[in-house]
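Scroll down for the structure; my scribbles are underneath it.
The values are calculated or read from the model by the stated rules, or taken from the named source; none is laboratory data. For clarity, every value in this text was computed on a predicted model and none was experimentally measured. Neighbour counts run over all protein chains shown; Cβ positions are idealised from the backbone, glycine included. Only protein heavy atoms, including side chains, enter the accessible area calculation; ligands, DNA and RNA are left aside. Shrake-Rupley method; radii C 1.70, N 1.55, O 1.52, S 1.80 Å.
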Amino acid sequence: MALPDHYVSYLSEYNPPWMSKLIEAMSAEPTVAVRYNRRKHAESRPDGCVVPWCDDARLLPVRLPFTFDPALHQGAYYVQDPSSMFVGHVVRQLTAGSPAPLTVLDACAAPGGKTTAVIDALPDGSHVVANEFVPKRAAVLKENLAKWGYPLVCVTQGDTSRFRETPGFFDLVVADVPCSGEGMMRKDAEAVAQWSPGLVKQCSALQKEIVDNLWLALKPGGYMVYSTCTFNPLENERMLAYMRQEYGAEPVTIPVDPSWNIAPALEGNMPAYRFIPGLIQGEGLFMGVVRKPLLSSVVFSFKSAKPKGKGKDRDKRKGVKSVAAPKEVADWLLPGMNVELHVDGAKVMACLTPGSSYPAKLELGELKGRDVVPSQQLALSDALNAAAFPQVDVDRTQALEYLRCEAISLPADSPRGFALLTYAGLPLGFVKNIGNRANNLYPRPWRILSQLH
């Protein structure tokens, strides 16, 4: 796809040294890559050349029919543009030598690729809040994070202004902000059709608003990772300059290998990292890192996220029934975990970060009559105690039938009741074996709808 002439003229005004490479790269096919889940060691997964800045990722020669690979649905890997994976390298550099868990916000998180990359780069035990403004995209985010399996995640949906209520709360804020999408023009015709100088100005204004909200939520001494998938300096270098001028943001240099061909800042004297198609295998990306100055004289006043009131009144406001969670569900989690169990409506929930303003909650199951039906989120969670359930291994054909929410037949000697299906060494999901058949418990909104031709 060729870049439109009016856009070439606009960007050429900034005299980027890589302009000819970018124009040439627009006629090439987009790069295909996957990033492996460090916590899920699948017996089989796509293989290829290592992504230079991410040891856990592979560049693939062609795009595979990922929908029909059960390992994708099990969270064994994530299909992601190589440029976006750089955030994992950044977080590893920022946290190197510091094993203490962090509290992290991914403020514009859907569909979840950068969030999962951040999760895998953080010290164990870190608490991640993943936020998305658009409700439908938030639902996709929640699904993808459930499949990835890291339990200490809170998914929120709403405007970033909500984070002003907890000033100085986060050690690290990742903000892949809404932008004019110039870096996606090679793979997205809509990005070409919608672009205009007016859109750039509109996005820049929104980005400043988001930065203003998030800066207050960032702890003094904490880091903000700012990124876009666009090329113009107005949304990139000038946003870093805005943070520096308005808030005293301190530029942070991230070590990179010169062989990676990451381009520097286009203007200004702050370190920045530009991923330019034609120089790297990936799509367009801009990333910069700043540190919030230490302000020891500032005292923050935290607003409690908990509702006022006690007992039944509080339970009514939160929609929580005044009933205890069945004791047996505690055995479904790995021993030694610090959790609070409760019933929310019909859902049996485990709060993994008790007392937090943004609690990480894991859905364990749903009350149905005398049963607690175990959830798909539990099946794919790293917190699952798989030994609590009978396990039945299935082949690829059966796995795909399960992922389509079709009827499943288990071996005749399979135990009655709830069983955990496994495929290629990883949990796949739950069924309820009633003898002559097994009820498929895979979430229907997640089911595979297409057929492999």
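Tabulated values for the structure
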item: Qualifying positions in segment 4-32 - in a helix (DSSP H, G or I) and of a type in the set (D, E, K, R); result: Asp5, Lys21, Glu24
item: Which listed residue, of Tyr10, Tyr14, is farther than 20 Å from Asp188 by Cβ, open to solvent by less than 90 Å² (accessible area, probe 1.4 Å) and more than 21 Å from the chain's Cα centre (by Cα); result: Tyr14
item: Among residues of segment 259-314, those that are at pLDDT below 95, on the phi > 0 side of the Ramachandran plot and open to solvent by 60 Å² or more (accessible area, probe 1.4 Å), counted; result: 1
item: Among residues of segment 5-40, those that are in contact with a strand residue (DSSP E or B) (Cβ under 8 Å, 6 or more places away or on another chain) and more than 30 Å from Ser180 (Cβ to Cβ), counted; result: 4
item: Residues of segment 97-121 classified as open to solvent by less than 10 Å² (accessible area, probe 1.4 Å), among the aliphatic types (A, V, I, L, M) and closer than 16 Å to Cys154 by Cβ, total; result: 6
item: Residue selected from segment 416-442 under the condition farther than 16 Å from Leu403 by Cα and out of contact with any Lys or Arg (no Cβ under 6 Å at 6 or more places or on another chain), by the criterion modelled with the lowest pLDDT; result: Asn436
item: The lone exception for Val79 - which of (1) closer than 26 Å to Thr253 by Cβ; (2) in contact with a helix residue (DSSP H, G or I) (Cβ under 6 Å, 6 or more places away or on another chain); (3) surrounded by fewer than 20 Cβ atoms within 10 Å (Cβ to Cβ) it fails; result: (1)
item: Residue within segment 58-66 that is modelled with pLDDT of 95 or more, assigned to a helix (DSSP H, G or I) and farther than 12 Å from Asn37 by Cβ present; result: yes
item: Subset of segment 238-254 that is closer than 18 Å to Phe286 by Cβ and assigned to a loop (DSSP other than H, G, I, E, B) - its residue that is most open to solvent (accessible area, probe 1.4 Å); result: Thr253
item: Pairs where the first residue, in segment 30-44, is closer than 29 Å to Arg186 by Cβ and the second is among the aromatic types (Phe, Trp, Tyr) and in a strand (DSSP E or B), C-beta under 9 Å, 6+ apart; result: Val34/Tyr77; Val34/Tyr78; Arg35/Tyr77; Arg35/Tyr78; Tyr36/Tyr77; Tyr36/Tyr78; Asn37/Tyr77; Asn37/Tyr78
item: Odd one out for Val153, checked against (1) open to solvent by less than 10 Å² (accessible area, probe 1.4 Å); (2) within 12 Å of the chain's Cα centre (by Cα); result: (1)
item: Sole exception among (1) within 8 Å of the chain's Cα centre (by Cα); (2) open to solvent by 10 Å² or more (accessible area, probe 1.4 Å); (3) of a type in the set (S, T, N, Q) for Ser161, by number; result: (1)
item: Cβ pairs under 7 Å, 6+ apart, first in segment 57-74 and farther than 20 Å from Trp148 by Cβ and open to solvent by 70 Å² or more (accessible area, probe 1.4 Å), second modelled with pLDDT under 95 and aliphatic (A, V, I, L, M); result: Pro65/Leu452
item: Every residue from segment 123-138 that is surrounded by fewer than 22 Cβ atoms within 10 Å (Cβ to Cβ) and in contact (Cβ under 8 Å) with a residue 24 or more places away in the chain; result: Pro123, Asp124, Gly125, Ser126, His127, Phe133, Val134, Arg137, Ala138
item: Filtered residue count, segment 367-408, keeping only those that are hydroxyl-bearing (Ser, Thr, Tyr) and open to solvent by 50 Å² or more (accessible area, probe 1.4 Å); result: 1
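Here's the yes/no breakdown for (1) open to solvent by less than 10 Å² (accessible area, probe 1.4 Å); (2) hydrophobic (A, V, I, L, M, F, W, C); (3) on the phi > 0 side of the Ramachandran plot:
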| residue | (1), (2), (3) |
| --- | --- |
| Met185 | yes, yes, no |
| Ser196 | no, no, no |
| Gln207 | yes, no, no |
| Val225 | yes, yes, no |
